[in-house]
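Structure, as structure tokens:
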Amino acid sequence: MKQRLFDRRTRQLAHRPWTDRERLIVWRGLTGRFAIAIEPLLGLIFMIFLTVGIVYRAQHVPADRDLVKIAWIFALGAIAFLGYFVAVLVAPFAAYVQTFKPIYIVDGYVRYRKKDATSEIDATGYVATLFEDQSVACEWECYGRKELPDLTIPAMVEFSQYAGIHKIDGKSTGLIPDEIPVLAIGIAPRKGQHPQ
């Protein structure tokens, strides 16, 4: 979900820390992604082992000195696996780091609007938290099954800048599920923050 922050007043809002349960949910998502990242990690270790082994053999066995010419192929493989490893873990790690930032509380409005010319292809629209004066506190691009309508509703909103709206009038939006299995195995795709 792409977010846009429009107002510096967000830093002065009422806020609360993430609860241990909320942080645990995000942690389980990270560990689940790390379970997937085992594959590129093993590939990285194997490619490094081959690269170092070839270089070592080329230096210590005179008949195999020309072997060093192919070591770069395995070194490139190691770099590719490293890139894959980082790509798999960067988003969930960033999400976990964000759990140490506050969740803001606004007695204002939630605004839904349709996608526009700057929206990504698979976006369904935007959801925003508005201050009392209906100026934008923060807005996020949404993805889901159906397009969002143009709608503004008064609400007590809990949101984090990175993740989006956690609760509307005390009801969870599903952004943070109530429970997530160990290693996040078997979870359904997250639903968008659609109006009720």
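The values are calculated or read from the model by the stated rules, or taken from the named source; none is laboratory data. Just so we're clear, the structure is a prediction, and the values are computed from it rather than from any experiment. Cβ atoms come from the backbone with ideal geometry, glycine included; neighbour counts cover every protein chain shown.
Observations
- Sub-6 Å Cβ pairs linking a first residue in the stretch 16-29 that is among the small types (Gly, Ala, Ser) to a second residue that is surrounded by 17 or more Cβ atoms within 10 Å (Cβ to Cβ), at least 6 apart or interchain, are 29/92; 29/184, ordered by first then second residue.
- Residue in the stretch 44-72 that is modelled with the highest pLDDT, counting only those that are more than 45 Å from the chain's Cα centre (by Cα) and of a type in the set (A, V, I, L, M): 61
- Taking the numbered list (1) in a helix (DSSP H, G or I); (2) β-branched (Val, Ile, Thr); (3) over 19 Å from the mean Cα position of the chain (by Cα) in turn, residue 97 passes all entries but (3).
- Residues of the stretch 138-170 that turn out to be in contact (Cβ under 8 Å) with a residue 24 or more places away in the chain and either in a loop (DSSP other than H, G, I, E, B) or under 15 Å from residue 120 (Cα atoms) (or both), as a count: 15
- Contact map, the stretch 78-94: residues that are not assigned by TED's automatic domain parsing to the domain that holds residue 44 paired with residues that are at pLDDT 95 or above and surrounded by 12 or more Cβ atoms within 10 Å (Cβ to Cβ), Cβ distance under 6 Å, separation 6+ or inter-chain. No pairs are found.
- Restricting the stretch 96-123 to residues that are modelled with pLDDT of 90 or more and among the polar types (S, T, N, Q), the residue that is surrounded by the fewest Cβ atoms within 10 Å (Cβ to Cβ) is 98.
- Considered as a group, the residues in the stretch 125-137 that are outside any strand (DSSP E or B) and in contact (Cβ under 8 Å) with a residue 24 or more places away in the chain include one that is farthest from residue 108 (Cα to Cα), and that residue is 135.
- Residue pairs meeting the criteria (Cβ under 7 Å; at least 6 apart or on separate chains; first closer than 27 Å to residue 22 by Cβ, in the stretch 102-123; second at pLDDT below 85): 104/10; 104/13; 105/13; 106/13; 112/195
- Residue 77 being over 29 Å from residue 162 (Cβ atoms) and part of a helix (DSSP H, G or I): yes
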